[in-house]
Each structure stands twice: as structure tokens, then as C-alpha cells.
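To start, the structure itself, in C-alpha cells.
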Amino acid sequence: MYCRDQCGACCTAPSISSPIPGMPQGKPANTRCVQLDDHQRCKIFGSPLRPAVCAGLQPSAEMCGNSREAAMTFLLQLEADTAP
């Protein structure tokens, strides 16, 4: 499965505890990553600077649903279910 154009839900909904270029403390949940471009695409995709957790998150029909809103809902619920 490929990423949906203009989505970026997986770069917004989850918290990321590891450093990201431009976000040395990581990012909280439901916060847009500074590495998203104007088309909601990762500017460091494929780079060794990209956090391992980001590289490990692969698009799937269950996670992405049929819209950005569905993906945000799924990922925010997953974030809540796995919070410490």
C-alpha cells in the first residue's frame, strides 16, 4: 500500500520520543512533524536522520482507512491505547 496524497496522519497523530531534525525532543501526539512538506510528505523519507519508529510504521488498509480523517482517528486511538 502507498501513502495517500495530502494525508500525513502518521506524521501527525503519533507521539515520537526519539529526536527528529528540527524537533530534538521528539514530538507529542496530534502535533504535525516539522519534516512534513506542503504536500504532507516526509522531507527526510529514506534518510538515516529519519527516526526508526517512523521507518517502521508502514501504511495499511486498517491504519489508513479511506481518508485522512479515518487514519487520524485510528492512529490517535492507537496512541491512547498504548500510552504509559
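Every number here is computed from the coordinates shown, using simple stated rules; none is lab data. Quick caveat: nothing in here was measured; it's all calculated off a predicted structure.
Structure values in brief
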| item | result |
| --- | --- |
| Theoretical gain in end-to-end length, LYS43 to ALA29 [0.36 nm per residue, Cα-Cα removed] | 3.1 nm |
| Cα-based convex hull, the chain, per residue volume (Å³, whole number) | 89 |
